[in-house]
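Have a look at the structure below before the remarks.
The values are calculated or read from the model by the stated rules, or taken from the named source; none is laboratory data. Keep in mind it's a predicted model, so treat the numbers as computed, not measured. We place every Cβ from the backbone using ideal geometry, glycine too, and count neighbours over all the protein chains shown. The accessibility values were calculated without ligands, DNA or RNA, using every heavy atom of the protein model including side chains. Shrake-Rupley method; radii C 1.70, N 1.55, O 1.52, S 1.80 Å.
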Amino acid sequence: MRLGLYFEMQTPPGKDHHQVYWEVVRQAEAAERLGFDVVSLVEHHCQEQFSISANPLAFFTAVAQRAQRLRFRTALHVLPVHNPIRLAGEIAAADILTNGRIECGIGRGHPWILISAGVPMEESKERFDEVLAILEQAWTQPRVNFEGKFYTIRDQVVVPRPVQKLHPKFFATIRDARAARRGWGVLVPPVYPTSEIKEQITAHAADCGAHGHTPDVVYIRATYLDDDPDRARREAGPFLHNFFAYNASPMASLPPKEELQRKGYGYYTEGRLERLARLSVDEILEREIAFVGTPEQVAEQIDRVRKISGVTEFAMIVNFGGLEHWKVLRTLDLFARRVMPALGLEAKS
C-alpha cells in the first residue's frame, strides 16, 4: 500500500497566503524525508477558506527540486475551465521538470469553480469530454485533429511531450463510472463514512476486473495523532469543524436546487457537505470520517481500510482546517515512527 498526503490549502480568514504555501512546501519536504510516496493537491479557485491552491503544477515543480522521490498528483484538474492545448503543454512541462513524477486527476469540478470561471454548469460534461479527448491526442498522436462543440483544432503539434509514456496516469473520483472501464485510478473523497463507502469501493474493484484492469483506489482521510487519545480529540476537534465548515462554505453562493439538478449537479442538493459541518467530533470519529487518536489506534483503522478490495493508497489530510504547522509535523513524525512500522511499511529513503 502506498502512503500519501492530500492538501487542500484551506486558509482561515486573515492567515497570510504566503505562509500557507510555504508551510505546505515544508510539509511536503517532511513527507519525502519520512517515507511517504505521493503528494496530492487540489486545483481550486476563488474560495479562500476552501482552498487557495490555484496552481498545483507550479507547486509540484517547486517541491520536486527539493524532493527526489515523491510523486505528485493534481486532484483534480478542473477540465471544463481549461484550454486543452495549453493544459496539455503545461502538464507535460511539469512532468519533465519532475522527471516523470506527475499524475493527473481529472474532473468536472465543483459548480462554484465553474461559476467563478464563467463556464455554464450545463456545459461541463461536454467540455470535460472534449478537453480529455484533446489531451489524450496531444500526448499520443503526432498532431491533434479534433472537431467538437467547443473546440476545433486542425493539424496542431503540441509540445513539449511528457516524459511518461503514453502519458501521466489519470485519476477520477470514485463516483465516475468511466474509471473502471478506462483503467483510471480513483479517489475516495474525505466526506464518506467508512461503512458507507466500503461497498462502493468493492463494487468498483469488481468492475475493474470485469474490464481487465487492476483497481487503484486512493482512500483519503483527515488524520491527527497524539500519544494521548483524549488530547488528540480535544486538539483536533476545532480544526475538524473548520475543515468541514470550510468545505461547505461555498454552498451558500450556489443557485437554487432545481437549477443545480437541471444542470447536472444534483449531488450538491443532497445537503451532505452542510450536514458534515454540523456533526459533533464524536460523530465524525465514530463514523470514521476522520482518523484521530494514538498511532496504534490509527494504525488499526488504516489496516482495516487496506484490506478493502482495491484500496492501494491511504492519503492523509494533516493540515485540515488551518491546523498549526508544528502539529502537522508532529503527526507526520508520529506516523512515520509508529504507524508505518505497525503496518509493516518501511521508509523509502
- Note on the structure: Distance in nm between Thr269 and Asn83 label points, each 7 Å along Cα→Cβ, equals 3.6
- Task: Percent of Cα-Cα pairs per 5 Å bin, from 0 to the last occupied bin, for region 178-287, please list those.
- Result: 2, 10, 16, 16, 16, 16, 13, 8, 3, 1
- Inverse of mean 1/r across different Cα pairs in region 142-235, Kirkwood, Å: 16.8
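Enter the accessible area per residue of the chain (Å², integer; probe 1.4 Å; all protein chains in place).
Details: 14410 Å² over 349 residues.
Value for the chain: 41 Å² per residue.
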- Query: For the pair Asn99 and Arg337, how long in nm is the line joining their label points, each one 7 Å along Cα→Cβ?
  - Reply: 3.0
- Query: Once amide H atoms are built 1.01 Å from N in the peptide plane, which residues 5 or more positions from Ala222, or in another chain, come under 5 Å H to H?
  - Reply: Phe291, Ile317
- HN-Hα J couplings of region 184-191 from phi, Karplus 6.51/-1.76/1.60, θ = phi - 60°, integer Hz, Gly and Pro as x? 6, x, 10, 10, 9, x, x, 10
- Note on the structure: Residues whose modelled amide H sits under 5 Å from the amide H of Arg2, counting only those 5 or more places away in sequence or on another chain, are Glu313, Phe314
- Message: List the residue ranges in the chain for DSSP H helices whose C-alpha atoms run 15 angstrom or more along the long axis and whose Kyte-Doolittle average is 0.5 or above.
- Response: 84-97
- Cα-derived Rg over Rh, computed across the chain with Rh taken as Kirkwood radius: 0.95
- Message: I need two numbers for region 90-136: Rg to one decimal and Dmax as a whole number, Cα atoms only, in Å.
- Response: 13.2, 38
- Distance (nanometres) between label positions extended 7 Å along Cα→Cβ at Lys125 and Leu166: 2.5
- Give me the percent of the accessible area of the chain that comes from carbon and sulfur atoms, probe 1.4 Å, all protein chains in place. 50
- the chain, helix-only ellipticity at 222 nm - DSSP H runs n ≥ 4, -39,500 (n - 2.57), divided by all residues, nearest 500: -13000 deg cm²/dmol
- Under 13 Å from a label point 7 Å along Cα→Cβ of Arg26: give me every residue in region 217-239 with its amide N that close. none
- So for region 224-349, using the alpha carbon gyration tensor with a ≥ b ≥ c as root eigenvalues (a/c under 1.5 gives rounded; past that, a/b versus b/c decides prolate or oblate), I'd call it prolate
- Message: Looking at the chain as a GNM with Cα springs under 10 Å, which of Ser53, Ser116, Ser124 has the largest mean-square fluctuation?
- Response: Ser116
- Query: What is the percent of Cα-Cα separations in region 276-325 that go past 13 Å?
  - Reply: 67
- Item | Percent breakdown of C-alpha pair distances by 10 Å bin, ordered from the shortest bin, for region 33-93 | 20, 49, 27, 4
- In the structure displayed, which of Lys169/Lys307; Lys165/Lys198; Lys169/Lys198; Lys125/Lys169 lie more than 26 Å apart, Cα to Cα? Lys165/Lys198
- Item | Per residue, the convex hull volume that the Cα atoms of region 29-168 enclose (Å³) | 97
